[in-house]
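Below is one structure, written out as structure tokens; comments come after it.
Nothing in this text is a laboratory measurement; each read-out follows from the coordinates by a stated rule. Owing to the predicted nature of the structure, the values given are computational and were not obtained by experimental measurement. Heads up, the Cβs are rebuilt from the backbone with ideal geometry, glycines too, and the neighbour counts pull from every protein chain shown.
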Amino acid sequence: MASKLIDEALSALTVAGYWAERSKGAGPRGEADAHSALVLCRERGESANASREQMEAAEQHGAKLWAAGQRPKGACGSLAAFLDELQ
């Protein structure tokens, strides 16, 4: 059960990393929403006992997906929808 929680948290961090990279330069609101998503996902990762290295790698993977023009598996169509799913 614990590994499933970690996997879910890392998956969410990958998506949050993707949205954080995508939202750069999107204005204060977009960047604030992306930051909120990262904070929520980091908290989820910490509560699932994911290591700091695992969480950082997941975030970086999401950013790399954006840079490569790809979407993370399960990525929502909008940052607002992703935030709604997190809460």
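Net charge within 14 Å of Val39 by Cβ-Cβ distance, Lys/Arg positive one each and Asp/Glu negative one each, not counting Val39 itself?
-3
When we measure straight from the Cα of Lys73, which aspartates and glutamates land under 19 angstrom away, once same-chain ones fewer than 8 places off are left out?
Answer for Lys73, where 19 Å is the Cα cut-off: Asp7, Glu8, Glu21, Glu56, Glu59, Asp84, Glu85, listed by chain and number.
For the chain, which trypsin sites (Lys or Arg not before Pro) are both in a DSSP coil and crowded by at most 12 other Cβ atoms within 10 Å?
Of the trypsin sites (Lys or Arg not before Pro), the ones in loops of the chain whose Cβ has at most 12 other Cβ atoms within 10 Å are Lys24, Lys73.
Please tell me the relative contact order of the chain in percent, rounded to the nearest whole number, where contacts are Cα pairs under 8 Å and at least six residues apart.
42 percent
Scanning the chain for helices, which whole DSSP H stretches are 15 Å or more long along the axis (Cα) and average -0.5 or more by Kyte-Doolittle?
2-22
Net charge near Gly17: determine it from the other residues with C-beta under 10 Å of the C-beta of Gly17, scoring Lys and Arg +1 and Asp and Glu -1.
Overall, the nearby charge balance is -1.
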